[in-house]
Amino acid sequence: NLLFGGNGFSLVRTFRRRGGAIEVHHDFFVINKKYQGKGLSKEVFRLYYNQYRQMGIRYITVEANIDVGGYTWARYGFSAKNMDEALNCISSCNNISISKKADKFIKSWYKKQNFAPSEPFPMRLLTEQPWGKELLLNSNWEGIIDLYDTAARKIFEQYLGF
């Protein structure tokens, strides 16, 4: 595990092998509330992303939670690891109407894509819904991004401002 921090943030990362690929798991990433919404997470991730590319990192994984994490990681382009993880974000939403819409949206997406429930769900699709931010704030889900997936990497890089 590696711990980094300063200027209003703390980050703990774990590097490991996943099959023949290298994965970095962001165990803990917190930004001081007074620095949130000011681009610090993007600045940090631009630096780390350049390192990850040089190291040949394939996967970045996260536990999306703590206040804004569920929403933020979705905007970065992370996918929930599977349908159960995508549906897990609904459990913390207090708005029954939004919960029902999200449940229907996620299940419908899997059906339309003809994907098995074990396939990742692109959480950014929820951020594009009018109710997405309310759903994802304070949510909890396990996320992944495959940097070898051109479409996923493009979304991630675009959000980072590359």
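The values are calculated or read from the model by the stated rules, or taken from the named source; none is laboratory data. Quick caveat: nothing in here was measured; it's all calculated off a predicted structure. Note: ideal-geometry Cβ built from the backbone for every residue, glycine included; neighbour counts use all protein chains shown. These accessible areas exclude ligands, DNA and RNA; they are computed on the full protein's heavy atoms, side chains included. Shrake-Rupley method; radii C 1.70, N 1.55, O 1.52, S 1.80 Å.
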Tensor-based shape of the stretch 24-88 (alpha-carbon gyration tensor, a/c under 1.5 rounded, otherwise prolate or oblate):
oblate
Going by a ≥ b ≥ c, the root eigenvalues of the Cα gyration tensor, does the chain fall in the rounded group (a/c under 1.5), the prolate group (a/b larger than b/c) or the oblate group?
oblate
For PHE28 the rounded accessible area (nearest 10 Å², probe 1.4 Å, non-protein molecules ignored) is 90 Å²
Could you sort THR150, THR14, THR61 by their accessible area in this structure, using a 1.4 Å probe and putting the largest first?
THR150, THR14, THR61
For LYS33, which aspartates and glutamates qualify as cross-link partners when the Cα separation must be under 20 Å and same-chain residues fewer than eight apart are set aside?
GLU43, GLU63, ASP67, GLU134
With a cap of 11 neighbouring Cβ atoms within 10 Å, and only residues DSSP puts in a loop, list the GluC sites (Glu not before Pro) found in the stretch 52-158.
GLU128
Of the listed pairs LYS42/LYS112; LYS81/LYS104; LYS81/LYS154, those with alpha carbons more than 22 Å apart are LYS42/LYS112
With Cα springs under 10 Å, the Gaussian network model of the chain assigns the largest mean-square fluctuation among LYS33, LYS81, LYS42 to LYS33
Alpha carbon centre of the stretch 5-69 versus the stretch 94-123: separation in Å?
26 Å
LEU40 to SER92: FRET efficiency via 1/(1 + (r/R0)^6), r the Cβ-Cβ distance, R0 30 Å, to the nearest 0.05?
0.75
With springs only between Cα atoms under 10 Å apart, run a GNM on the chain and tell me which of ALA64, ALA86, ALA116 wobbles the most.
ALA116
Once you have the Cα-Cα distance between ASP67 and VAL30, take 0.36 nm times their residue separation minus that, and quote the gain in nm to one decimal.
12.3 nm
Set of aspartates and glutamates with alpha-carbon distance to LYS111 below 17 Å, sequence-local pairs under 8 removed:
ASP84, GLU85, ASP103, GLU119
The chain, accessible area per residue, ligands and nucleic acids excluded (1.4 Å, Å²)
55 Å²
If you average 1/r over every pair of different alpha-carbon atoms in the stretch 52-131 and take one over that average, what Kirkwood value in Å do you get?
13.4 Å
Return the calculated 222 nm mean residue ellipticity for the chain, to the nearest 500 deg cm²/dmol, obtained by summing -39500 (n - 2.57) across DSSP H runs with n ≥ 4 and dividing by the residue count.
-12000 deg cm²/dmol
Provide the FRET efficiency to the nearest 0.05 for the ASP84-ARG53 pair, computing r from the beta carbons and using R0 = 45 Å.
0.90
Work out the FRET efficiency for PHE15 and GLN113 from their Cβ-Cβ distance, taking R0 = 35 Å, and round it to the nearest 0.05.
0.65
